[in-house]
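J.: Submitted below is the structure of interest, expressed as structure tokens.
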Amino acid sequence: RLIADVDISSQTMTVRKDGRVLYRWPVSTARPGKVTPIGTFRPQRMHRKWRSTIYGSNMPYSIFFRGPYAIHGTGAVSRLGRPASAGCVRLHTANAKRLYDLTRQVGPSNMRVRIRH
């Protein structure tokens, strides 16, 4: 099983496969006034290339986990490590690709997104 564990308080994601830590990356979650959903989710859909219909921004290597919320790559790498998004979990695009590829490898049904404060 693959777990992407997002800690909002530290703005980090820890990726574990079968209990072993593979990666720990800086992320950006919701900026003030916005919300990143809390809880444990399964991937609902995945897109190698996606463009937000709400904000018009590119969202490469998107893993949608709850409605319009996704883990995805971003070009705004200078903001990683602090809240900056409209609610999605942003990663460096190279890391988003790693997570996307790992999720495809194990199968979305064997991946979980866990988000906590």
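The values are calculated or read from the model by the stated rules, or taken from the named source; none is laboratory data. Just so we're clear, the structure is a prediction, and the values are computed from it rather than from any experiment. With ideal geometry, Cβ positions are generated from the backbone for all residues, glycine too; neighbour counts draw on all protein chains shown. Areas reflect the complete protein model, heavy atoms only, side chains present, ligands, DNA and RNA absent. Shrake-Rupley method; radii C 1.70, N 1.55, O 1.52, S 1.80 Å.
J.: Among the residues of the range 56-76 satisfying the criterion of being assigned to a loop (DSSP other than H, G, I, E, B) and either touching a strand residue (DSSP E or B) at 6+ places or on another chain (Cβ under 9 Å) or open to solvent by less than 70 Å² (accessible area, probe 1.4 Å) (or both), which is farthest from Ile3 (Cα to Cα)?
T.: Among them, the one singled out is Gly56.
J.: Would the range 25-40 turn up any residue that is modelled with pLDDT of 95 or more and within 13 Å of Thr103 (Cβ to Cβ)?
T.: Start the filter on the range 25-40 by keeping residues that are modelled with pLDDT of 95 or more, which leaves 25-40.
Filter again for within 13 Å of Thr103 (Cβ to Cβ), leaving none.
No, every residue in the range 25-40 fails to be modelled with pLDDT of 95 or more and within 13 Å of Thr103 (Cβ to Cβ).
J.: Also: Taking the range 71-117, which residues are touching a helix residue (DSSP H, G or I) at 6+ places or on another chain (Cβ under 8 Å) and in contact (Cβ under 8 Å) with a residue 60 or more places away in the chain?
T.: Within the range 71-117, Ile71, Arg90, Leu91, His92, Met111 meet the criteria.
J.: Return yes or no: is Ala84 modelled with pLDDT of 95 or more and open to solvent by less than 30 Å² (accessible area, probe 1.4 Å)?
T.: Considered against the rule, which asks whether it is modelled with pLDDT of 95 or more and open to solvent by less than 30 Å² (accessible area, probe 1.4 Å), Ala84 comes out as yes.
J.: Quickly run through the range 77-117 and pick out the residues that are charged (D, E, K, R), more than 13 Å from Gln11 (Cβ to Cβ) and assigned to a helix (DSSP H, G or I).
T.: Across the range 77-117, the qualifying residues are Lys97, Arg98, Asp101, Arg104.
J.: Taking the conditions exactly as written (out of contact with any Asp or Glu (no Cβ under 6 Å at 6 or more places or on another chain) and at pLDDT 95 or above), does Ile71 satisfy them or not?
T.: Considered against the rule, which asks whether it is out of contact with any Asp or Glu (no Cβ under 6 Å at 6 or more places or on another chain) and at pLDDT 95 or above, Ile71 comes out as yes.
J.: With the checklist (1) open to solvent by 20 Å² or more (accessible area, probe 1.4 Å); (2) in contact with a Phe, Trp or Tyr (Cβ under 7 Å, 6 or more places away or on another chain) in hand, flag the one item Ser10 doesn't pass.
T.: All conditions pass for Ser10, except number (2).
J.: Those residues that are in a strand (DSSP E or B) and either among the charged types (D, E, K, R) or open to solvent by 90 Å² or more (accessible area, probe 1.4 Å) (or both), I need them from the range 41-55; list them, please.
T.: Arg45, Arg51
J.: When the range 15-31 is examined, which residues are found to be open to solvent by less than 60 Å² (accessible area, probe 1.4 Å) and on the phi > 0 side of the Ramachandran plot?
T.: none
J.: Could you list, in sequence order, the residues of the range 17-36 that are assigned to a loop (DSSP other than H, G, I, E, B), of a type in the set (Lys, Arg) and under 23 Å from Gln105 (Cα atoms)?
T.: Within the range 17-36, no residue meets the criteria.
J.: Considering only the range 92-108, I want to know if a residue exists there that is open to solvent by 40 Å² or more (accessible area, probe 1.4 Å) and in contact with a Ser or Thr (Cβ under 8 Å, 6 or more places away or on another chain).
T.: Taking every residue of the range 92-108 in turn, at least one turns out to be open to solvent by 40 Å² or more (accessible area, probe 1.4 Å) and in contact with a Ser or Thr (Cβ under 8 Å, 6 or more places away or on another chain).
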